[in-house]
1. Check G39 against each of (1) touching a residue at least 12 places away in the same chain (Cβ under 8 Å); (2) under 26 Å from G140 (Cβ atoms); (3) open to solvent by 20 Å² or more (accessible area, probe 1.4 Å); (4) of a type outside the set (S, T, Y) and name the one condition it does not meet.
2. Kindly provide the set of residues from the stretch 62-87 that are more than 19 Å from A128 (Cα to Cα) and either in contact with a His (Cβ under 6 Å, 6 or more places away or on another chain) or free of Cβ contacts under 8 Å to residues at least 24 places away in the same chain (or both), ordered by number.
3. Being modelled with pLDDT of 95 or more, open to solvent by 40 Å² or more (accessible area, probe 1.4 Å) and of a type in the set (A, V, I, L, M) is the filter here, so list the residues in the stretch 1-35 that pass it.
4. Where in the stretch 92-166 are there strands (runs of 3 or more DSSP E), lying wholly inside it, with at least 3 residues that are within 16 Å of the chain's Cα centre (by Cα) and within 21 Å of R65 (Cβ to Cβ)?
5. May I ask you to say which residue of L50, L38, L68 is modelled with pLDDT under 95 and not aromatic (F, W, Y)?
6. Can you name every residue in the stretch 66-77 that is in contact with a strand residue (DSSP E or B) (Cβ under 6 Å, 6 or more places away or on another chain) and farther than 20 Å from G140 by Cβ?
7. Looking at the stretch 1-59, what strands (runs of 3 or more DSSP E) fall wholly within it and have at least 2 residues that are polar (S, T, N, Q)?
Amino acid sequence: MHSLQDIDWSCWQGQDIATLTFIVQRGQILLIRKKRGLGAGKINGPGGRLEPGETPLQCAIREVREELCITPGNLQFYGESLFQFVDGYSIHVHTYMAEEFTGTPQETDEAIPLWFALDQIPYSEMWADDILWLPEMLKGNHFKGRYLFDGDRMLDHHLDIGKKKF
């Protein structure tokens, strides 16, 4: 597997379904430094895998609560990312954004909260795909991306951007 063309996307399904959530307020974005699991050490939005019987929206809220001890309000769905790894692992990520939350972000066993100005997002410490779709989401655009990774190195990608949900 070296390119997206090597994958039959018509029947592709992620082994795991997960969420990412980004809270944006007053020109800043709340990110985390992940302490364990997939992407440990990287900066990202809070998120994780769906539990049985959970919807992506329920998962997004639960994961933000678990990782940052806050509850996001009025979550809006912005996009999907389909990740295939050359080792066979695959994950389908639903991405949300919120402008409000209750509580105070706190460090947990899973994450360290970090606020960044929107023009100072540390893309060099994030997954390689983030620089492609995150700026679009911050402009209010919806997206659907397909990505091929070898470990944390992106080999290929395709991204669709639009004003409406895909």
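The values are calculated or read from the model by the stated rules, or taken from the named source; none is laboratory data. The model shown is predicted, which means the values in this text are computed figures rather than measured ones. Don't worry about glycine lacking a Cβ; one is built from the backbone with ideal geometry, like all the others, and counts go over all protein chains shown. Accessible surface areas use protein heavy atoms only, side chains included; no ligands, DNA or RNA. Shrake-Rupley method; radii C 1.70, N 1.55, O 1.52, S 1.80 Å.
1. (3)
2. Pass one, the stretch 62-87, residues more than 19 Å from A128 (Cα to Cα): 62-77.
Correct list: R62, R65, Q76.
3. I17
4. Working: elements: 100-102, 111-117, 142-150, 153-162.
Filter on the stretch 92-166 gives 111-117.
5. Numbers: L50 fails: modelled with pLDDT under 95; L68 fails: modelled with pLDDT under 95.
From the options L50, L38, L68, the qualifying one is L38.
6. E67, L68, I70, T71
7. Values: elements: 16-25, 28-34, 47-49.
Qualifying strands (runs of 3 or more DSSP E): 16-25.
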